[in-house]
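Q: Sharing a structure here in structure tokens format.
Taken together, the values in this text are just the output of simple stated rules run on the coordinates, not laboratory data. Owing to the predicted nature of the structure, the values given are computational and were not obtained by experimental measurement. Virtual Cβ from ideal backbone geometry, glycine too; neighbours counted across all protein chains shown.
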Amino acid sequence: MTADQTTADQASAPPADLRRSPAAHLTEQMRAGDVDGPRGVRLREIPFAVQLGIRAEPGAPSGRAAAEAWGVGLPAGPRAGETVTGDPEGRHVIWISPDEFLAVEPSGLAGLIDVRGIEGALDGMPGQIVDLSGNRTILELTGPSARSVLEKGCHVDLHPRAFPAGAAASTLLGPVQAIVHRTREDVFRILPRASFADYTVRWLLDGMAEFAGEELIR
Amino acid sequence: MLLITCPHCGPRDEVEFHYGGQAHVAYPEDPQALDDAAWAHFLFYRDNPAGAFAERWQHSAGCRKWFDVVRDTVTYEFLTPEGGSR
């Protein structure tokens, strides 16, 4: 191989090879923390999801343009009982405030999204769409005990009556600001900011440990 | 812990909020015209009633919006049950 070829290979190599997700260094610990059985719970990171911050009002022209560019309507908010729209396995939008939304695409198709094109959708209009993919990472807590683990320090009521599948809230998990998104009955996604990912993973693993043992009080 | 009703998010724990002090303190129309005492009065002097008090809160861990509520400083009861004005 000549020097020219080496340079060409490096130039065409996908940048994904160089990326490290915020909780990548804890992959083994997360695997080791798995709990099986009826009290089971497991934690995984969903790395490199595309996340776009949308600042626009849903009823306004910029809100409609943002929804059209992303392909998913903006949720009406908790007062209307709608905090997430779209498919949680694909493109969806999480309500953050009346004029702030987080558009998320966690699947393997995230790399195919024309982020720059969507960012330009509000050109000349009030509001903005900004690529925030590096801001937060996604941790997925799954299993019958997932809710019990989160309830050790989550400041929203996670009972299905108040927080059913398909709900999301921006809140605190212990001392960490995070978005909690319940995608299914026993699947919770936690979106801490990247620099809090290490702490949040360790906090969750610590909370999961008791479920590997026998239940002491029924 | 207080359960504070955010006008946008509904009832949430107090730790998600940031306290903003007395509400409806108007910025002086012509700040240049104030002497030091009047400026200090605007900056630092606040009412301290035993009873209903209009105050500002920010839902800092949630929607990050500011809102006004009326709270009873004796009983801690929020007198604006639907959440404050936006």
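Q: Would you work out the Kirkwood radius for region A:123-211? I mean one over the mean of 1/r across all pairs of different Cα atoms, in Å.
A: Working: mean 1/r = 0.0726 Å⁻¹.
The answer is 13.8 Å.
Q: Here is a further query. Could you give the spread of the C-alpha atoms of region A:48-134 along their three principal axes, from largest to smallest, in whole angstroms?
A: That works out to 32, 31, 20 Å along the principal axes.
Q: Right, next: For region B:1-53, just the Cα set please: Rg and Dmax, both in angstrom.
A: 15.8, 43
Q: So, one more: When you look at the Cβ of every residue in B:7-16, what mean number of other chain Cβ atoms sits within 10 Å?
A: Numbers: counts 2, 7, 12, 7, 3, 7, 6, 1, 4, 7.
For this peptide, the per-residue mean of nearby foreign Cβ atoms is 6.
Q: Using 16 Å as the cut-off for backbone N distance, which residues of region A:188-218 belong to the label zone defined by a point 7 Å from the Cα of A:A165 along Cα→Cβ?
A: A:188-189
Q: I've got another one for you. Based on the mean of other Cβ atoms within 10 Å per residue, sort peptides B:68-74, A:70-76, B:43-49 so the most packed one is first. Present the calculation step by step, with values, prior to reporting the outcome.
A: Values: B:68-74: 16.1, A:70-76: 19.3, B:43-49: 9.3.
In descending order of packing, they fall as A:70-76, B:68-74, B:43-49.
Q: Mark the label point 7 Å from the Cα of B:V70 along Cα→Cβ and return the residues of region B:1-39 whose backbone N is within less than 20 Å of it.
A: Correct set: B:3-8, B:20-26.
Q: Still on this structure, please answer the following. In peptide B:60-67, what is the residue-averaged number of other protein chain Cβ atoms found within 10 Å of each Cβ? Could you put the intermediate results ahead of the total?
A: On the way: counts 2, 10, 11, 10, 4, 4, 0, 0.
Per residue, the average neighbour count from other chains is 5.
Q: Take the alpha carbon atoms of region A:137-178, find their center, do the same for region A:32-49, and report the distance between the two centers in whole angstrom.
A: 14
Q: Zone of A:D198 (label point 7 Å along Cα→Cβ, backbone N under 17 Å): which residues in region A:19-37?
A: Correct set: A:20-30.
Q: Over the alpha-carbon set of the protein assembly as shown, divide Rg by the Kirkwood Rh and report the Rg/Rh ratio to two decimals. Walk me through the numbers before you get to the answer.
A: Details: Rg = 23.2 Å, Rh = 21.9 Å.
Rg divided by Rh gives 1.06.
Q: So which GluC sites (Glu not before Pro) in region A:65-102 pass both tests, a DSSP loop state and at most 14 other Cβ atoms within 10 Å of the Cβ? Write down the numbers at each step before the final one.
A: Working: sites: A:E68, A:E82, A:E89, A:E100; in loops: A:E89.
When the GluC sites (Glu not before Pro) of region A:65-102 are filtered for loop state and at most 14 Cβ neighbours within 10 Å, A:E89 remain.
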